[in-house]
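Encoded as structure tokens, the structure appears first; notes follow it.
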Amino acid sequence: MDHEVLNPVPDPGLEGGRPLLHSTLYPLLSLHDFLLQILRRSLQLTASDTAAALLILPGGAPASSDSRIAALGRGPGRFSQQTLDLWAAEAWTGCGGRELREPLRCDDLQDDRKGLRLAREGCSALLVPLVDEGRSLGLLYVESNRLRHYSELHLDRLRSLVREAIPALYRLVLREHLRACGSEMELIGMSPALRDLERQILDAARYDQVPVLITGERGSGKELAAWAVHVWSARRAQPFVPVLLSGLPDTLVADELFGHERHSFTGAEDRRPGKFEAAGAGTVFLDEIGEINPTLQASLLRIVERNELSRIGRDLPVRVDARVVAATNRDLQKAMREGAFREDLYDRLVVFEVKVPPLRQRREDIPLLADHFLTRYCSELHRRAAIERLDVCRLCRSPFGVGCASPDFYEALATYDWPGNVRELKHTMFRLAATVREDVLQARHLPEPFRQASSRQPRKAAGSWDLDSAVRRHIEAVLEVTGHNKTRAALLLGIPYTTLQSKLKKLGVGSILPKG
């Protein structure tokens, strides 16, 4: 069981539109740690004695390995993990599970409207479902040792908390699914453009019988979007089979996709299933679909319309169940006008179109992406730093470059237009980690085009940001999550305590914080 003793806290003072939850911290937290953060905030917002959460991932159930259960309380613990698991499963079933759409408030065992037994005798409870556009993700439960403790204000606060938590919960669940499927890819960032992309992915994943077309510039992350569509869908336990169509000559594409019968052509000694049969009930990802010829496009049309393919050397069609997710950086509208792409295939694929934004439309994500790649490559390449005699540079783990890179470095990254998008950023960070021997990365370490971009007039368009303000907000958020414990905050940020101290002094953060 996860149990913490929490000190009494003053009224959080929510007026003025201040965020209830620092969901921008998700890159630093595991899914379970984020659930605990939600529970801490629930206790604060409602002055409760106990809080618990049950998160049901899509396709899961309370008894499955997909479920996540966490609990916090003030004072001595009352629940064993076995008791909590049983309560959560019964609450999920007794409250209608996925049918529960509105919060419940009850006192002393019973809720007269539903006949539910939620609160313990002599206590009161609130139960708020985690619902997003009809999807029930789980339950949030708080309990007070006082009868009739909860008011409409408490309900409103928890509703707002849940609304703020859901986007980060989705991201953390997606991260776990991708890792379980063997993918090291991850959606990084909190920009409006990236959140819109996530919404498109979730919608496409929900209807897993329908093909998907993913469009976007080169290097923008179309394969990651395809992975995300797959792992969010009910097909995630089945194979994800990527095929780079532009890397195959026309004479081999049909064999690669559809397979062949034994002796169907010279050299075909055995029957060979193609990618669609190998995928089973999973997903076939057809990358650069705009590059294949019209004859093969007709065969693909038969698959997406009838779930049938013609294996080379076989007269009867073969039934398949794989979902088609296709991607292209070409203008298919122009290709159709030129007769290079079939209109009927396009119409079938574009039922769900996922548009991946270029990096220049999500500039506020660039610092997080840069730090994500630097963390990986500094560890892999054993890039050493003299600061605090660390064997491996861990300073990159702090968003916005607290300690590892100078402000002008991030300014140069943010003002560059990134024609190669996330892929170019990834390769740039690898090159820096492999070649720069100095402890702190600076703008002068970047190629000339970056320095030219940063020397131009600063941009004032939407999405621009001030580095020091972003760093200050981030550190303040971490300190609040850790109860202003600077030792824990330094560990969470991945930086030495002395570095955090100097940063606090420089930015004027927490001059009246308690020591620790």
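Readers should treat all values here as calculations from the given coordinates under stated rules, not as data from a laboratory. For clarity, every value in this text was computed on a predicted model and none was experimentally measured. Please note: Cβ atoms are built from the backbone with ideal geometry, for glycine as well, and neighbour counts cover all protein chains shown.
Things to note:
- Modelled FRET efficiency - R0 25 Å, R195 with D331, Cβ distances, 0.05 increments: 0.45
- Cα-Cα over 28 Å, subset of K426/K505; K275/K355; K222/K334; K222/K275: K426/K505
- In terms of surrounding Cβ atoms within a 10 Å radius of their Cβ, E198, E424, E438 rank from fewest to most as E438, E424, E198.
- Exposure proxy ranking for C181, C378, C123, based on other Cβ atoms within 10 angstrom of each Cβ and starting from the fewest, stands as C181, C123, C378.
- Segments 357-365, 415-423 sorted - mean Cβ within 10 Å per residue, highest first: 357-365, 415-423
- Cβ-to-Cβ counts within 10 Å put S144, S246, S183 in ascending order as S246, S183, S144, the fewest first.
- Region 285-362 - Debye-derived log10 I(q)/I(0), Cα point model, q = 0.12, 0.27 Å⁻¹: -0.39, -1.42
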